[in-house]
Structure formats: structure tokens, C-alpha cells
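Report on the following structure.
The values are calculated or read from the model by the stated rules, or taken from the named source; none is laboratory data. Note that the coordinates shown come from a computational prediction; the quantities given were computed from them, not determined experimentally. We place every Cβ from the backbone using ideal geometry, glycine too, and count neighbours over all the protein chains shown.
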């Protein structure tokens, strides 16, 4: 068993900082999804549990790939440092942009929904008018019953009439 050189450890540490930063960006993306939830409090605990499971799996794969599966302190301290760098710097910017874009998206979707509903109401109204017109026209007789030839007794096609 050999010890990694300072150069290798510092390289792995900086890779770990980058991985922690990416995990911080992923956490900000999960927060962005929470902006669309009506009750954000119900979303916080499942979001954090999902993030812990996901980040644990990613950190395990990262340690496996970068350091051949060896658990060393500088990997986890680098990941924590990268996450907190993102959390305390980039998170503020991403939250502002996320809130503004979430407001814009929700207002756009509300307007789109309102327009779709007005169009469907117009289509329903026109359909109801057509149904009423067709009901009125179906109740009208095409010809008067007395003037129709096939209903008159003197127009018997057999030629017998009422002699029988």
C-alpha cells in the first residue's frame, strides 16, 4: 500500500471541489423545481432526502473512479468545500433568476390556460348553437302530411282503392 503524493492528492482535491460545486448546482436546480410547488414546505423534506441519496451515490462513484475506491478525507472535504462555495455564492444568483423565471413561466402558463379556455368556451357555444338549430330543423316537417302522395288513400299503387 502506497501513499499518494501531494500532487495527486491536490489534483483529487480540486476534482472533488468541482464535484461538490456541481452537486451544489444540482441542489439549486431542485430548489428551482420547488418554486412551482403550491406548498413549498411539503416539498422540502422529500427534496432533501432525494438529494442525500443521489449525492451519496454520485460521491461513491466519484471516489471509485478518481481514487480507486479509497476513502480519504481530502475527497470528502473537497466535495463539502465545493458545495458550500456554490451554496453561498452562486445560489443567491440562481435563486433570483429562478424566482423571476418561475414567476414568468407561471404567468405565461396561466395566460395560455385562460386563452385555451376562452377558445374552448367559444367552440362549445358554437356547438350548442348548431345543436339547437339542428333540433329545430329536425322538428320541422319536410312536407305537410296531407299533401304527400304516398299518404293519400286515392293513390294506392295496386290500383284497388277502397273497393275491397
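Summary of values
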quantity: Some residue of the stretch 80-94 being at positive phi, at pLDDT below 90 and either out of contact with any helix residue (DSSP H, G or I) (no Cβ under 8 Å at 6 or more places or on another chain) or surrounded by 10 or more Cβ atoms within 10 Å (Cβ to Cβ) (or both); calculated: no
quantity: The stretch 50-76 - residue that is touching a residue at least 40 places away in the same chain (Cβ under 8 Å) and under 19 Å from residue 87 (Cα atoms) and, of those, surrounded by the fewest Cβ atoms within 10 Å (Cβ to Cβ); calculated: 76
quantity: Qualifying residue in the stretch 37-49 (condition: more than 23 Å from residue 103 (Cβ to Cβ) and surrounded by 12 or more Cβ atoms within 10 Å (Cβ to Cβ)); calculated: yes
